[in-house]
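For reference, the structure discussed in these notes is given below.
Values quoted throughout were computed directly from the atomic coordinates according to the rules given, and no laboratory measurement underlies them. All values derive from a computational prediction rather than experimental measurement. Ideal geometry is used to build each Cβ from the backbone, glycine not excepted, and the neighbour counts take in all protein chains shown.
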Amino acid sequence: MTATAAQSPFEVLARYERLSLAHASGTQERFEAPGLWRGIGYRAGNSLFVSAIDEINELLAVPTLTPVPGTKPWLLGVANVRGNLMPVVDMARFLFSERTQHSERARLLVVRQGGGSVALLVDEVFGQRTVDAEQRRGAEREDDPRLTRFVEDRVEVDGQRLALFSMGRLVRAPDFRQAAA
């Protein structure tokens with residue numbers, strides 16, 4: 001007879017819980033370690049970015065969009081996301097005047113702004129990226145004038161040069177908030 005056969009179902013579940021919590025505790029400490037910054041990596045046009053994980057509320061596949069007449073070309077329209085209408089902005093077109101090509105990799109980054117949320121169309125999402133204090137010390141200043149108001153530094157993460165992009169600055173920018181043509 002095995003040890004688990006002699007245990008009650010409750011005892012087996014309690015053992016699994018202890019093992020699970022013991023395994024997860026080291027992982028949690030690693031993610032909450034001082035000096036670590038977590039973000040979501042993505043590409044808009046030919047540029048690679050990472051934004052703080054707490055600035056991006058949701059990642060979505062691109063739904064059907066309804067155009068809005070009389071708006072800037074970078075405002076693609078509105079999408080119905082679980083019953084809520086949300087403006088959809090082509091991030092590359094807003095930043096670089098380059099239209100994002102629709103592909104299976106394209107995603108929407110949902111970001112909170114004043115009275116609701118806005119969705120930003122990007123070419124692809126790379127997932128979570130962690131930046132440590134050493135990478136931050138080795139950061140270079142952003143030199144692209146189109147980005148300097150949203151990006152202070154560029155860091156190297158996993159062999160990629162990523163611009164640390166502030167979604168908060170973007171949604172507060174007067175030209176971003178004025179989508180009327």
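Looking at the chain only, what percent of DSSP beta bridges run antiparallel? Nearest 5 please.
The antiparallel fraction comes to roughly 90 percent.
How large is the charge dipole for the chain, taken about the Cα centre, if only the Cβ atoms of Lys, Arg (+1) and Asp, Glu (-1) carry charge, to the nearest 20 debye? Could you put the intermediate results ahead of the total?
Numbers: 23 positive and 23 negative charges, 96 e Å.
Here the chain has a charge dipole of around 460 debye.
Specify the angular offset, from 0 to 90 degrees and rounded to the nearest 10, of the alpha carbon long axis of helix 9-31 from the longest principal axis of the alpha carbons in the chain.
The two axes meet at around 40 degrees.
Calculate for the chain the 222 nm mean residue ellipticity that helices alone would give, adding -39,500 (n - 2.57) per DSSP H run of length 4 or more and normalising by residue count, nearest 500 deg cm²/dmol.
Values: 6 runs with 48 residues, N = 181.
Only helices count here, giving -7000 deg cm²/dmol.
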